[in-house]
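For reference, the structure is listed below as structure tokens.
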Amino acid sequence: SIKPARSLGPHDHAWWVYDDHAEFVAPFQLFASERADLGLVGEVDCSSIDLFRRTLADVMAGPRRGDQGEVTIDARHLTFVDHRGLAALEEEAGRHFATIVLRTPLSTSHRLVELLDLGAVRVEAPA
């Protein structure tokens, strides 16, 4: 389930993501952001990929999210994302006939998108 956590700023709202079946707090936060359609901070790795997929699907199914053609994620404070996380973005973008733009300073993300030939995910440097 998604539960309120704390404000990240005057216009950002964050949620901690909890797995209802365990005492696990996800190492990532996905939130509404004024800078982009969504914000993503923390780490997305093998320990949290199933929860990330479910959370992303829930958020993308919400109002306006999958119908824009392009969904921008402000990931300036994302510290790690592996190939599974990028593939999850690709799968979700495909479900909604959208492109997901991941704005992150992580150069490895850009390189992985190229190597994996992910056509529905574009990595850009943050503004």
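For segment 47-127, the antiparallel share of DSSP beta bridges with both residues in that region comes to about 0%. When the alpha-carbon atoms of segment 57-127 are used, the pair Rg, Dmax equals 11.4, 32 angstrom.
Simple spin-label estimate for Glu34 and His110 gives 2.8 nm between the two label positions (7 Å along the Cα-to-Cβ direction from each Cα).
Between Arg122 and Ala61, what length in nm is gained on full extension when 0.36 nm per residue of separation is reduced by their alpha carbon distance? Write out the running numbers ahead of the final one.
Details: separation 61, 0.36 × 61 = 21.96 nm, distance 2.01 nm.
Full extension from Arg122 to Ala61 adds 19.9 nm.
Along segment 112-127 the Karplus relation, 6.51 cos²θ - 1.76 cosθ + 1.60 evaluated at θ = phi - 60°, assigns HN-Hα couplings of 5, 4, 5, 4, 7, 6, 8, x, 9, 10, 10, 9, 10, 6, x, 6 Hz to successive residues, with x for each Gly and Pro.
Under a model in which nothing but the beta-carbon of Lys, Arg (+1) and Asp, Glu (-1) is charged, segment 76-127 shows a dipole of about 180 debye around its Cα centre.
Laboratory data are not the source of any read-out in this text; all were calculated from the coordinates shown. Note that the structure is a prediction, hence the values are computed from the model and not measured. Counting neighbours? That spans all protein chains shown, and the Cβs are built from the backbone with ideal geometry, glycine included.
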